[in-house]
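The values are calculated or read from the model by the stated rules, or taken from the named source; none is laboratory data. Because the structure is predicted, anything quoted here is derived from the model rather than measured. Cβ coordinates were reconstructed from backbone atoms using ideal geometry, including for glycine residues, and neighbour counts include every protein chain displayed.
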Amino acid sequence: MRKLLLLLWLALPVCAFSQGFQVNLEGEKQIGMGHTGTGVLEDGASVFFNPGAVAMLPENYIQGGISPLLFKSDFNPAGTSAQYYTSNKIATPFNFYGVWGPKSAIWKLGLGVYTPFGGLADWGNNWQGKYVLESLDLKAIYFQPTLSIKLTSFLSIGAGFVYNRGSVDLTQAIPLANVAGQDGQGELKGTGKGYGWNAGVYIKTESGITIGITHRSQVTTTINNGNAIFNVPTSLQSSFPQPNTFNASIPLPATNSIGIGIYPTNKWTLAFDANIISWHVYKVLEFDYAKLTPILQNSISPRNYQDAVSLRAGAQYKCDDKVALRFGGGFASTAVKDGYVTPEAPDANRAFVTGGIGYKLANHLNVDASFEFEHVMARTQTNIQSQLSGTFETNVYIPGISLSYHW
């Protein structure tokens, strides 16, 4: 039984890289408009949303933004009235974009640095699921140099190379008590890297409607020689050799998007995006330790995720030359099948609403602010590995602000 519990514990940690951790906070204008950006041309964030549109930008850009994210989950164990909550910690997804090209050129160069995957959760060490997770700090930072070319006045294409630098710091209790009755604890810390690409097409139709189509590739992120730190009773330390390391490889999924921009008047912009996220590539979690013992073993754990879909809509109204108002919302389906929900990101279908405002500070300087509320719907589950059973429900609050200089 002890070995079984440890194997279940070992099977979980690195899945945090891919379970419901797609952040989607890559531009404040786009967030304000319900995360739409594939088929509309707004600013330098097109490097992420549609590299094909970058060559159509009338100006060059340097811009940066941050979207502090408060992830608030609660868990009600099955058959009880107890409630457990995550601590009030704030993650800080960010984005930076640079776009440059001569005014008369048919090309533009771009650079994006952004955080499409990440998470921060702290359940503490006294809750029912402590043997599954105590805390998690996850970051995935993408670096994307980009080239975009205007083929005609109505058609442009573009593509970018992606380098990902990821990090994880995760702690869990181990069901091995010392003489004082305190649980053991394991901590996994490591960094990894991966490679991919982002490409898109942008079309202006004769009717004035704009269309964007993009593909963001899978980025398989590999962690080599991460630190596996175990705090266990003295009598069991030989079963958890120190120092120890681990290796893991996690596929961050590809995303296919299509977007449409409609312009009823010179003041209004309406935008619609649809995305398919290819989570089906995440079938198995393989987790390998450098040093093994009869208790500390490698594990191969099924995940069997399914593809997910998100639908988004938004609008922008330009009040005058200085002020723009934005609003939007959408729905996203979960990638996590029944039986695989865990507290790293207790995923379920979700709905969100957004709003934003833009203000022209000077001739070449703009500030944009946004706010999002996201509700991850209640989901009652029993995990097939840990047998953690109960109902998760999550609310997410995300303010954001950015500055952009354009010329």
>> Take Y317 and tell me if it is modelled with pLDDT under 95 and either outside any strand (DSSP E or B) or aromatic (F, W, Y) (or both).
In response: no
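Let's see how each residue does on (1) within 26 Å of A254 (Cβ to Cβ); (2) assigned to a strand (DSSP E or B); (3) touching a His at 6+ places or on another chain (Cβ under 9 Å):
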{"site": "G129", "(1), (2), (3)": "no, no, no"}
{"site": "L138", "(1), (2), (3)": "yes, yes, no"}
{"site": "L147", "(1), (2), (3)": "yes, yes, no"}
{"site": "G158", "(1), (2), (3)": "yes, yes, no"}
{"site": "V162", "(1), (2), (3)": "yes, yes, no"}
{"site": "G166", "(1), (2), (3)": "yes, yes, no"}
{"site": "L176", "(1), (2), (3)": "no, no, no"}
{"site": "Q185", "(1), (2), (3)": "no, yes, no"}
{"site": "G192", "(1), (2), (3)": "yes, yes, no"}
>> Of everything in region 257-299, what is more than 30 Å from N244 (Cβ to Cβ) and among the hydroxyl-bearing types (S, T, Y)? Give them in sequence order.
In response: S257, Y263, T265, T269, S278
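Can you confirm whether G37 is at pLDDT 95 or above, under 21 Å from G259 (Cα atoms) and part of a loop (DSSP other than H, G, I, E, B)?
Yes: the conditions hold for G37.
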>> So in region 40-57, with the set limited to residues that are part of a loop (DSSP other than H, G, I, E, B) and in contact with a helix residue (DSSP H, G or I) (Cβ under 7 Å, 6 or more places away or on another chain), which one is surrounded by the most Cβ atoms within 10 Å (Cβ to Cβ)?
In response: A45
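So, in region 203-230, exactly how many residues are outside any strand (DSSP E or B) and within 20 Å of the chain's Cα centre (by Cα)? I'd like the intermediate steps shown before the answer.
Filtering region 203-230 down to residues outside any strand (DSSP E or B) leaves 205-209, 217-218.
From what is left, the residues that are within 20 Å of the chain's Cα centre (by Cα) are 217-218.
Number satisfying all stated conditions: 2.
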> What residue, of R350, R312, R326, is closer than 30 Å to I66 by Cβ and in contact with a helix residue (DSSP H, G or I) (Cβ under 7 Å, 6 or more places away or on another chain)?
Replying inline: R326
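Would it be correct to say that Y195 is aromatic (F, W, Y) and farther than 27 Å from E286 by Cβ?
Numbers: aromatic (F, W, Y): yes; farther than 27 Å from E286 by Cβ: no.
Against the criterion (aromatic (F, W, Y) and farther than 27 Å from E286 by Cβ), Y195 does not qualify.
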> When you scan region 231-290, how many residues do you find that are within 26 Å of K193 (Cα to Cα), aromatic (F, W, Y) and either modelled with pLDDT of 95 or more or assigned to a strand (DSSP E or B) (or both)?
Replying inline: 3
>> Under 8 Å between Cβ atoms, which residue pairs at least 6 apart in sequence (or on different chains) link something in region 105-129 that is free of Cβ contacts under 8 Å to residues at least 40 places away in the same chain with a partner that is surrounded by 22 or more Cβ atoms within 10 Å (Cβ to Cβ) and of a type in the set (A, V, I, L, M, F, W, C)?
In response: L109/V99; D122/L136
> Which condition number does D347 fail, the rest of (1) in contact (Cβ under 8 Å) with a residue 24 or more places away in the chain; (2) part of a strand (DSSP E or B) being met?
Replying inline: (2)
> Taking interchain pairs and intrachain pairs at least six residues apart, which have beta carbon atoms under 9 angstrom, with the first residue in region 262-283 and closer than 22 Å to I300 by Cβ and surrounded by fewer than 18 Cβ atoms within 10 Å (Cβ to Cβ) and the second among the basic types (K, R) and at pLDDT 95 or above?
Replying inline: none
> Which one of G20, G79, G98 is at pLDDT 95 or above and either of a type outside the set (A, V, I, L, M, F, W, C) or crowded, with 22+ Cβ neighbours inside 10 Å (or both)?
Replying inline: G98
>> When the residues of region 151-202 are narrowed to those that are under 21 Å from G37 (Cβ atoms) and hydroxyl-bearing (S, T, Y), which ends up farthest from the chain's Cα centre (by Cα)?
In response: S156
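I'd like the residue in region 335-344 that is β-branched (V, I, T) and touching a residue at least 60 places away in the same chain (Cβ under 8 Å) and, out of all such residues, is surrounded by the fewest Cβ atoms within 10 Å (Cβ to Cβ). Walk me through it before giving the result.
From region 335-344, those β-branched (V, I, T) are 336, 341-342; that's our starting set.
Next cut, touching a residue at least 60 places away in the same chain (Cβ under 8 Å) only: 336, 342.
Values: V336: 25, T342: 23.
That would be T342.
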